[in-house]
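Participant: Below: one structure in structure tokens.
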């Protein structure tokens, strides 16, 4: 946006320019947190859960922000205190942010990939960045910036000259993916999987699939949809005017051979050989989705894949005392729980671990079927773990189906107190649960003495 003057930016956002210098370059990013405002930043004041962000517009300008975009009342207050500042106003600042991001997406001229799914969308997005970056000027959204607020901010942060933008698209209910796709206008839409997430809001797997498939519906004719092979839930949403690339066993992109650090992939009849620093089955499956998207963009990945899981998303940490931690505490659902338990069992074999310890928190937003989903996790844990610690009342059902040593605590603080005395040298421990359970506290306690 640096090439846009204030009036052009106002026109793109559908906002009114109150006042501003006539000769000034545009901002290089947009922010909604006034603490991040500074030179080059356009502060956008939107309605929050408790306060309106516009109340901080004056603070943002005092911090040196390029300008502010907010509602009319707060814009007038900001202008009164900073009469020479760039101040833009709109009835709905969030909608103005969406229009601005969409206009910049068109100006940028980059290819855009939208990535969604019930689980694994962040790792798939990061894997796609890893395989594209050596060959294309690529930017990808940061973790958690996948909402109606975060996605436009990430799109606006893409600099001129960017060739590919990879955007994660989160979903809590119907219509939200459609809104994000309107902003981003993706050329390639990736649906990693469909599973029992947000059932409390959507009710059925069919409804979840329909919500995810809003990404397919938003694609222009001739675009590409990347979907799991043999996913019946998505079949009704596929379109004849799109290129469909499937991934996974029996798909257009599938795994041919693998070792601990190498994979060979059949990508639509082309052999791709990659060095990979991970052995997790679910990550290698997500890599197939990333390869399918890369091929849709005309990129053939090669060589080493520079990827490592982020904190809270399957990162492995060697702890003092000879304990290996799988830090997967960011979130959980029935699909990702099963995948993480499989990872625990496999890693224990690879490392010759003494015991397999699973610290499992409750899975939230599962609706009436929550007890059955938790009970199934207990069944899965029985073959993957030797010791089980459950956290939170709903997770107690997990323990009911677990035959080995088990402990139950009511919250993350109690789990953090229990674990140091429970773990022994040679153990491998998995920590996983829904974000609302707060198991970050457990991982932070375990890793506090680990050198950065």
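Participant: Checking residue 304 against (1) under 21 Å from residue 210 (Cα atoms); (2) touching a residue at least 24 places away in the same chain (Cβ under 8 Å): exactly one of these is not met. Which one?
Facilitator: Of the numbered conditions (1) under 21 Å from residue 210 (Cα atoms); (2) touching a residue at least 24 places away in the same chain (Cβ under 8 Å), the odd one out for residue 304 is (1).
Participant: A further question on this structure: Of the numbered conditions (1) free of Cβ contacts under 8 Å to residues at least 24 places away in the same chain; (2) buried (at least 16 other Cβ atoms within 10 Å of the Cβ), residue 80 satisfies every one except a single condition; which is it?
Facilitator: Tallying (1) free of Cβ contacts under 8 Å to residues at least 24 places away in the same chain; (2) buried (at least 16 other Cβ atoms within 10 Å of the Cβ), residue 80 fails exactly one: (2).
Participant: Additional query: Looking at (1) within 15 Å of residue 124 (Cα to Cα); (2) in contact with a helix residue (DSSP H, G or I) (Cβ under 7 Å, 6 or more places away or on another chain); (3) surrounded by fewer than 24 Cβ atoms within 10 Å (Cβ to Cβ), can you tell me which one residue 139 breaks?
Facilitator: (2)
Participant: For segment 356-378, does any single residue satisfy the condition of being surrounded by fewer than 16 Cβ atoms within 10 Å (Cβ to Cβ) and touching a strand residue (DSSP E or B) at 6+ places or on another chain (Cβ under 8 Å)?
Facilitator: No.
Participant: Identify, by number, the condition in (1) surrounded by fewer than 16 Cβ atoms within 10 Å (Cβ to Cβ); (2) under 20 Å from residue 339 (Cβ atoms) that residue 390 doesn't meet.
Facilitator: (1)
Participant: Now for a separate question. For residues that are surrounded by fewer than 24 Cβ atoms within 10 Å (Cβ to Cβ) and in contact (Cβ under 8 Å) with a residue 60 or more places away in the chain, scanning just segment 90-100, find the one that is nearest to the chain's Cα centre (by Cα).
Facilitator: Across segment 90-100, the extreme among qualifying residues is 98.
Participant: Condition check: in a loop (DSSP other than H, G, I, E, B), in contact (Cβ under 8 Å) with a residue 60 or more places away in the chain, within 19 Å of the chain's Cα centre (by Cα) and buried (at least 17 other Cβ atoms within 10 Å of the Cβ). Does residue 119 satisfy that?
Facilitator: The answer is yes for residue 119.
Participant: Would you say residue 239 is outside any helix (DSSP H, G or I), in contact with a strand residue (DSSP E or B) (Cβ under 8 Å, 6 or more places away or on another chain), surrounded by fewer than 22 Cβ atoms within 10 Å (Cβ to Cβ) and in the same structural domain as residue 272 (by TED's automatic domain parsing)?
Facilitator: Values: outside any helix (DSSP H, G or I): yes; in contact with a strand residue (DSSP E or B) (Cβ under 8 Å, 6 or more places away or on another chain): yes; surrounded by fewer than 22 Cβ atoms within 10 Å (Cβ to Cβ): yes; in the same structural domain as residue 272 (by TED's automatic domain parsing): yes.
Judged against the criteria, residue 239 is a match.
Participant: Also, I was wondering about something else. Take segment 52-73 and flag every residue that is under 21 Å from residue 98 (Cβ atoms) and out of contact with any strand residue (DSSP E or B) (no Cβ under 9 Å at 6 or more places or on another chain).
Facilitator: Across segment 52-73, there are no qualifying residues.
The values are calculated or read from the model by the stated rules, or taken from the named source; none is laboratory data. Just so it is clear, the model here is predicted, and its values are computed rather than measured. Positions of Cβ are backbone-derived with ideal geometry, glycine not excepted, and every protein chain shown enters the neighbour counts.
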